[in-house]
Amino acid sequence: MKNQQTAYWRANIRLITGCLLVWFIVSFGCGILLVDFFNQFQLGGYKLGFWFAQQGSIFTFLVLIFFYAIRMNALDRRYGVSED
Amino acid sequence: MHWTAATASVKTEAGKLMDLQTLTYITIGLSFALYIGIAIFSRASSTGDFYVAGKHVHPVANGMATAADWMSAASFISMAGLIGFLGYEGGMYLMGWTGGYVLLAMLLAPYLRKFGKFTVPEFIGDRYYSQLARVVAVICLIFISFTYVAGQMRGVGIVFSRFMEVPIETGLYMGMGVVFIYAVLGGMKGVTYTQVAQYCVLIFAYTVPAVFIAINVTGNPLPQIALGSELVDGSGYLLDKLDHTLVDLGFDAYTTAFNDKSMIDVCAITLALMVGTAGLPHVIVRFFTVPRVRDARISAGWALLFITLLYTTAPAVGALSRMNLISTVNGEDGSGTAYAVMPEWFKTWENSGLLAWFDHNDDNKVQYAAGKAFAGNGKPEFAEDQRGINRERLTTNPGQGDIVGNAPFANELYVDRDIMVLANPEIAGLPNWVIALIAAGGIAAALSTAAGLLLVISSSISHDLLKSTFARNISEKQELMAGRLAAGVAISIAGYLGLHPPAFVAQVVAFAFGLAASSLFPVILMGVFNKRMNKWGAISGMLTGLSFTLGYIIYFKGVFVAPFAANIPENWILGISPEGAGVIGMALNFTVATIVARNTAPPPAHIQQLVDDIRIPG
């Protein structure tokens, strides 16, 4: 039981790390640190870096949370800690 | 956000006024009846109801309530204008105020829900097995929430007075009255379902005019797409046109990065807003109200979805209305428009004092370019009711009329940023019912945030201070009474702060985020993810983070005292402005807490057991 819980927590930490990496790359990376680089490219009438800062990163955040919630539900079941 | 709008009212010519006024009263009256009806229907009967709505709130409903709780009058009215004038750098607010939900969903909300009690200080007190830690957390919470709520109450008064044509004090009393009824009666349960209704009102009011304007300017109804679309007049992409137009007028290009702020400062402010959002007690506590841990995770997603609807529309509203403003003022040929033929809304807002014109080059035309049209802080001072030769309102503090950069003329126009959202329906020629809707939306946004804040203040007083520290023997019924009493007192104090705003309130609202980021967020995070963190680490960390951030802000901005140093990049630590100071405070909090915890006794076994327990949902 104890090992099971440790493994569950490790899997959770791995998932969080991955998600926060994407969170960082999209907002701080594409939207701020590399904004001038991405602004060379166009997305319709948007400069890409500008789009990441004002639209793209928000949509990514949204996808990340739903992805995390769904993956965690699966983890809960796999490790037998689901609330159902 | 800063609340800069003056008290003002929307007045059009007499006939229209009657219509608009009646419509506004009906719309706002109906929305109030709805809120109070919901409060009576879902009034709290136990402390569980009062603090966490009995933990029965559906995750989607909680998402909507969180969105309304989160989006204040300033989000509703001021944000689009702020972005419209900042251009690219507006992105730091957009990313900052949404990115925090990712942190909330993954790092805080599910574990706090598993812990399953009533308040944020309660978690800190139990996890750090210390009444002292709990009291320090209550102090942080009250500090954060009162600075925030004072700005909200001011906002309530302003929105009321602007749209209902009553003095700002009357507006404030009406707002206090409505919040009092549903927060005191309904507690968290009443507030939750009222916030759901308020979200529906505010999002409808925000998106309808935005869609109309998007269609007018680009032909595309989705504001998110319209911002990246071509203009209907065939002059190319909206953003390219905006860039060129602004540069020709002496401004910085709209889409280029780091015009006014350095890269490191933009990073710091964005991060401080994200972490601060995740650390705001009135947002965190919303996730205590759902039935299960998995609901807390998905509910953060729903909350962000509902917030995204407004937050991805705002940049389009900002850019579209800036474009609208320039083309209306400077005209087809870009040489300015005669004051005499300016559209009605221009004069409406001039009457309200949110817009002013001084004819620097004496050509009787209004011209808009970079630079300040008025001296001092750039805001016009009006000569009461006097009118100039063009019938414009006379001002007493014209600027030098200097031309900036390559602009063809000097700027002659002052525009308050708040106009952008409020005047949009008029600029786009939308019917009166849309304007009435905007009024109801602005009031919904202000009330929902104020109610959420007042509730966390009252529950931390009745539950954390009274029940757990000073009067442990009171019954549940007495505690519920105390909670209601505390809510009443908190509303009165907030109302007082709204009536007599200390000069620093407007400044400090923005810093509530820095304080939350540097005090509460780190200790909650370490409480879940660092089993070795003990009470001494947590207490010293919170105090270090709070006092550093507070000190940094006072040092440069001067609260109660004169600033100690000029608020310029050369004086800042690492080039980080006071707005981003929460990031340094947070780093200090983590560092001090870790060092102190390493050199003091580890937490007892039952606390380590508690941490193991909150990490597992079932």
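The values are calculated or read from the model by the stated rules, or taken from the named source; none is laboratory data. The shown structure was predicted, so the numbers you read here are calculated from the model rather than taken from an experiment. Here the Cβ positions follow ideal geometry from the backbone for every residue, glycine too, while neighbour counts run over all protein chains shown.
Here are a few things to note about the model shown:
- Residue match in the stretch B:296-304 (condition: more than 11 Å from chain A (Cβ to nearest Cβ) and modelled with pLDDT under 95): no
- Restricting attention to the stretch B:413-438, the residues that are in contact (Cβ under 8 Å) with a residue 60 or more places away in the chain and in contact with a strand residue (DSSP E or B) (Cβ under 9 Å, 6 or more places away or on another chain) total 5.
- Residue match in the stretch B:586-598 (condition: assigned to a loop (DSSP other than H, G, I, E, B) and surrounded by fewer than 22 Cβ atoms within 10 Å (Cβ to Cβ)): no
- The residue pairs whose first member lies in the stretch B:51-72 and is within 18 Å of B:T98 (Cβ to Cβ), whose second member is assigned to a loop (DSSP other than H, G, I, E, B), and whose beta carbons are closer than 7 Å, counting only pairs six or more residues apart or on different chains, are B:N62/B:T289; B:N62/B:V290.
- Selected residue (criterion: modelled with the lowest pLDDT) from residues of the stretch B:75-108 that are surrounded by fewer than 24 Cβ atoms within 10 Å (Cβ to Cβ) and among the aliphatic types (A, V, I, L, M): B:L82
- Test: B:R393 is closer than 24 Å to B:A253 by Cα, surrounded by 16 or more Cβ atoms within 10 Å (Cβ to Cβ) and either at pLDDT below 90 or of a type in the set (K, R) (or both): no
- Filter pass, B:G378 being surrounded by fewer than 19 Cβ atoms within 10 Å (Cβ to Cβ), more than 14 Å from chain A (Cβ to nearest Cβ), of a type in the set (G, A, S) and out of contact with any helix residue (DSSP H, G or I) (no Cβ under 7 Å at 6 or more places or on another chain): yes
- Taking the stretch B:226-245 as the range and being surrounded by fewer than 18 Cβ atoms within 10 Å (Cβ to Cβ) and farther than 26 Å from B:I403 by Cα as the test, the residues that pass are B:V232, B:D233, B:G234, B:S235, B:G236.
- Residue in the stretch B:182-191 that is crowded, with 24+ Cβ neighbours inside 10 Å, among the basic types (K, R), touching a residue at least 12 places away in the same chain (Cβ under 8 Å) and under 23 Å from B:L20 (Cα atoms) present: no
- The single condition from (1) touching a Leu at 6+ places or on another chain (Cβ under 8 Å); (2) free of Cβ contacts under 8 Å to residues at least 12 places away in the same chain; (3) of a type in the set (D, E, K, R) that A:R71 fails is (2).
- Residue check: B:T255 meets all listed conditions (1) touching a Leu at 6+ places or on another chain (Cβ under 7 Å); (2) within 23 Å of B:A512 (Cβ to Cβ) but one, namely (2).
- Residue within the stretch B:295-314 that is in contact (Cβ under 8 Å) with a residue 40 or more places away in the chain, outside any loop (DSSP other than H, G, I, E, B) and polar (S, T, N, Q) present: yes
- Residues (part of a loop (DSSP other than H, G, I, E, B) and crowded, with 24+ Cβ neighbours inside 10 Å) located in the stretch B:260-289: B:L280, B:T289
- Residue selected from the stretch A:52-74 under the condition more than 7 Å from chain B (Cβ to nearest Cβ) and under 19 Å from B:L238 (Cβ atoms), by the criterion farthest from the chain's Cα centre (by Cα): A:F52
- Yes/no for B:D248 being surrounded by 20 or more Cβ atoms within 10 Å (Cβ to Cβ), touching a residue at least 40 places away in the same chain (Cβ under 8 Å) and acidic (D, E): no
- A single member of B:T348, B:T256 is surrounded by fewer than 24 Cβ atoms within 10 Å (Cβ to Cβ), at pLDDT below 90 and assigned to a helix (DSSP H, G or I), and it is B:T348.
- Helices (runs of 4 or more DSSP H) (entirely within the stretch B:448-559) containing at least 2 residues that are without any contact (Cβ under 8 Å) to a residue 40 or more places away in the chain: B:476-499, B:535-557
- Taken over the stretch A:1-34, the criterion of being surrounded by fewer than 16 Cβ atoms within 10 Å (Cβ to Cβ) and either modelled with pLDDT under 90 or in contact with a strand residue (DSSP E or B) (Cβ under 6 Å, 6 or more places away or on another chain) (or both) is satisfied by A:M1, A:K2, A:N3, A:Q4.
- Reported count of residues in the stretch B:218-245, each being assigned to a loop (DSSP other than H, G, I, E, B), more than 25 Å from B:A370 (Cβ to Cβ) and among the aliphatic types (A, V, I, L, M), is 2.
- The listed residue being modelled with pLDDT under 90, more than 7 Å from chain B (Cβ to nearest Cβ), in contact with a helix residue (DSSP H, G or I) (Cβ under 9 Å, 6 or more places away or on another chain) and surrounded by fewer than 17 Cβ atoms within 10 Å (Cβ to Cβ), out of A:G44, A:G80: A:G80
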